[in-house]
1. Looking at the stretch A:199-214, is at least one residue surrounded by 20 or more Cβ atoms within 10 Å (Cβ to Cβ), free of Cβ contacts under 8 Å to residues at least 40 places away in the same chain, within 25 Å of B:VAL152 (Cα to Cα) and not hydrophobic (A, V, I, L, M, F, W, C)?
2. Of B:ASN288, B:ASN269, B:ASN231, which residue is in a helix (DSSP H, G or I) and out of contact with any Pro (no Cβ under 9 Å at 6 or more places or on another chain)?
3. Of everything in the stretch B:71-88, what is farther than 14 Å from B:LYS46 by Cα and at pLDDT below 95? Give them in sequence order.
4. Being on the phi > 0 side of the Ramachandran plot, of a type outside the set (A, V, I, L, M, F, W, C), buried (at least 16 other Cβ atoms within 10 Å of the Cβ) and in contact with a His (Cβ under 7 Å, 6 or more places away or on another chain) narrows it down to one of A:GLY298, A:GLY279, so name that one.
5. If you go through the stretch A:322-339 one residue at a time, do you hit one that is modelled with pLDDT of 95 or more, within 11 Å of chain B (Cβ to nearest Cβ) and touching a His at 6+ places or on another chain (Cβ under 9 Å)?
6. All but one of (1) within 23 Å of B:LYS108 (Cβ to Cβ); (2) of a type in the set (A, V, I, L, M); (3) under 33 Å from the mean Cα position of the chain (by Cα) hold for A:VAL325; which doesn't?
There are 2 protein chains.
Amino acid sequence: MKIAVLTIGDEILIGQIVNTNAAWIGSTLSAIGARIELNLTVGDAKLDILAALEYAYSTSDVIITTGGLGPTHDDITKSCVAEYFGAELELDESILEIVRNRFEKRGKTMPPSNTGQALVPQGFEAIINSAGSAPALVLERSNKLLFVLPGVPHEMKLFMTQNVVPRLIANGGLEERVQKSLLITGIGESALQEKLEGMDHFLGENCTLAFLPNLLTLRLRITTTGPGAQNRLDSFEEWIRSKASEWIFGEGETTIEEVVGSLLRNSGNTLSIAESCSGGLVAHTITNVPGSSDYMLGGVVAYSNTAKQRLLGVNDSTLTEKGAVSKETACEMAEGAKKVFGATIGVSTTGILGPGGGTAEKPVGTVWIGIAMEGQTIAVKQQFGSDRLRNKDRVLAAVLNLIRKSLLKRDPG
Amino acid sequence: MKIAVLTIGDEILIGQIVNTNAAWIGSTLSAIGARIELNLTVGDAKLDILAALEYAYSTSDVIITTGGLGPTHDDITKSCVAEYFGAELELDESILEIVRNRFEKRGKTMPPSNTGQALVPQGFEAIINSAGSAPALVLERSNKLLFVLPGVPHEMKLFMTQNVVPRLIANGGLEERVQKSLLITGIGESALQEKLEGMDHFLGENCTLAFLPNLLTLRLRITTTGPGAQNRLDSFEEWIRSKASEWIFGEGETTIEEVVGSLLRNSGNTLSIAESCSGGLVAHTITNVPGSSDYMLGGVVAYSNTAKQRLLGVNDSTLTEKGAVSKETACEMAEGAKKVFGATIGVSTTGILGPGGGTAEKPVGTVWIGIAMEGQTIAVKQQFGSDRLRNKDRVLAAVLNLIRKSLLKRDPG
């Protein structure tokens, strides 16, 4: 069973709004083992809608349209669908009554333009909209199923969960499908691919592996389908873990800041942060986790040398002899943060994020990150690119992974 | 000239990520008077990609694809495009050299799988990627223009602005269209709508006004088309400014942190920040602006009371008598930040962002923000909702606007 989603509306095409409806439908259907193979978006133009219906029908068994069911002149989905099937529009008195009542309940008179919402193409089933005035339409013909839904997100979602999903499940033919995501940090996409040499043995039509990078982490999504899907997923996962366990920090929907937070809490540690180049981003991200005040004591954003000295106790001689971007400064900043907040772990960042400020010896993208814990302080150097905002994210990813690894090393449980 | 955008990637179909690329491309092309008539999304499956290319070619003059150019096995866009046009893939040594250099610059060896990124279909133009390893491809044939772009947003955006847009403009045939965005802060969408009562006089098919909210600010985008477009835009803008100048902080692509940065620099002020509830987000945002080290001296993330006392000098009695979330604490934090960093302006945030931690007297969403400058310190109370991450953004917006207004009040020039 192949599914196509057809979104109708100029506002999506011109980027005035982002098509979150399509994403929501995708993840909802994917969760029940239905396969979406096509998303189509066209504007409020008859010929484009007709062409898109033709294309969707030629490739798919189930077609879901959203949008264009409102009462205004640019809402033409219903008339296009009717034209595509050569169906006359007929006034459904019971729906008209319901639409009229909706207005009366709010002490308003139904505008004449809303009468159109009670028109139903011949042969179509109309489903009452419990959250708005436009009913949804369904047509089952020649083994193909068409759902015409409103575009207002909460109305569309009600129809999806109450009508579309139950009907697809009842119709049967959904694939047995299992999915799992492993979350990766500290290694790039290509390097990971190298580590997973031999994975082709597992891959095929019934087992796919997607590499989904975002700024901070990489998501490896395994999908298996058909008989024995769970077993095949389990063995593939086990194999991946045997090759890449070092970089797997979690699974599913966890974030790395949540994982780091749990590690800190479970080990009874507290954290403080001295940030120069990351400018507050590390503290911001750590404190995004609800309850982070349990282990996060605070941070200093020490952009100036004076701040590094006065608030963190970095030695004047370190700054003059080694420079603000140096191993020694990173170490003293981490120790300073630990001490001033009375935390068990102090971390630090200092570097040149660009676009300006680099030198031959310390080019843009040079970053030192430090960590002080249990009487030991280390700092590691990173070399990033020249894009300031991406560099900030890279520093963040590196710091979070350094804390994670340091806590794991200490307590392998 | 009809344009189709073809997004390639399973992760979009199954709703793992939202297709923000399509929205960005839509609004970018719309701004130059180009018309997008079709968005198509298909997964990483050869037959679906070939069918989508066929459909896009049959309806459109310009086809832009994004995604599927990475080095991994599920990146098959290039081979599909080559197959669609019956073009052989040839190794481009100069691109291979550039890709290899990118790795070497970071002290790494290029993994063999990246060799594929230097393959170019015969007859295609390859454009070097200055931000990543996958080059873009262009094919101009039989009056149709195909752009094959990577899906990584910042790489796609670079190619769009540096290559696609200039090329479409050079090709001609675009509608006369003028757009301008006014940037708004400190007022909500509905309230602004009330202030702009009477705007219907300006609106019509050739003049539209879009309200585009994002987390920090609101963008009011005026679009006029046809003869006299610029004049009509100018009068509409003048009218809007006469109604809402108080909330307009800039225009075009400026951000509020850049505007605040310029105000600080031009007035010779320096800034320091004491953050409790915002957890580093304010410092992070201020330091996103290149050159911000000129006016941003630093910040303290003081989550714990101890940190508020020790680093910012907040009085013990203030904390016990008035509480950490109070006008008095906000004022002392702002003064403390100003003093400890030796800045001319100190700002502060303290509040309960949720989801937990509220009381009857101080419910979740209660936030105080303070500012100390020129011998005066004030703090204002804000009441937000219960969504932790949205609240952080709201605190940020309020702080930035408070700094902006304080600087404007001082020096109306």
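The values are calculated or read from the model by the stated rules, or taken from the named source; none is laboratory data. Everything quoted here is computed from the prediction, not taken from an experiment. Positions of Cβ are generated from backbone atoms using ideal geometry, with glycine treated the same way; all protein chains shown enter the neighbour counts.
1. yes
2. Going through B:ASN288, B:ASN269, B:ASN231 in turn, the sole match is B:ASN231.
3. Of everything in the stretch B:71-88, those that are farther than 14 Å from B:LYS46 by Cα and at pLDDT below 95 turn out to be B:PRO71, B:THR72.
4. It is A:GLY279.
5. There is no residue in the stretch A:322-339 that is modelled with pLDDT of 95 or more, within 11 Å of chain B (Cβ to nearest Cβ) and touching a His at 6+ places or on another chain (Cβ under 9 Å).
6. Just one mismatch for A:VAL325, condition (3).
Okay, residues lined up against (1) at pLDDT 95 or above; (2) in contact with a Leu (Cβ under 9 Å, 6 or more places away or on another chain); (3) not hydrophobic (A, V, I, L, M, F, W, C):
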{"residue": "B:LYS180", "(1), (2), (3)": "no, yes, yes"}
{"residue": "B:GLY188", "(1), (2), (3)": "no, yes, yes"}
{"residue": "B:HIS201", "(1), (2), (3)": "no, no, yes"}
{"residue": "B:GLY204", "(1), (2), (3)": "no, no, yes"}
{"residue": "B:LEU209", "(1), (2), (3)": "no, yes, no"}
{"residue": "B:ARG219", "(1), (2), (3)": "no, yes, yes"}
{"residue": "B:ALA229", "(1), (2), (3)": "no, no, no"}
{"residue": "B:GLU237", "(1), (2), (3)": "yes, yes, yes"}
{"residue": "B:LYS243", "(1), (2), (3)": "yes, yes, yes"}
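For every residue, the table says whether it meets (1) within 24 Å of the chain's Cα centre (by Cα); (2) aliphatic (A, V, I, L, M); (3) under 26 Å from A:ILE273 (Cα atoms).
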residue: B:GLU205; (1), (2), (3): no, no, no
residue: B:ARG265; (1), (2), (3): yes, no, no
residue: B:VAL282; (1), (2), (3): yes, yes, yes
residue: B:ILE286; (1), (2), (3): yes, yes, yes
residue: B:SER293; (1), (2), (3): yes, no, yes
residue: B:LEU312; (1), (2), (3): no, yes, yes
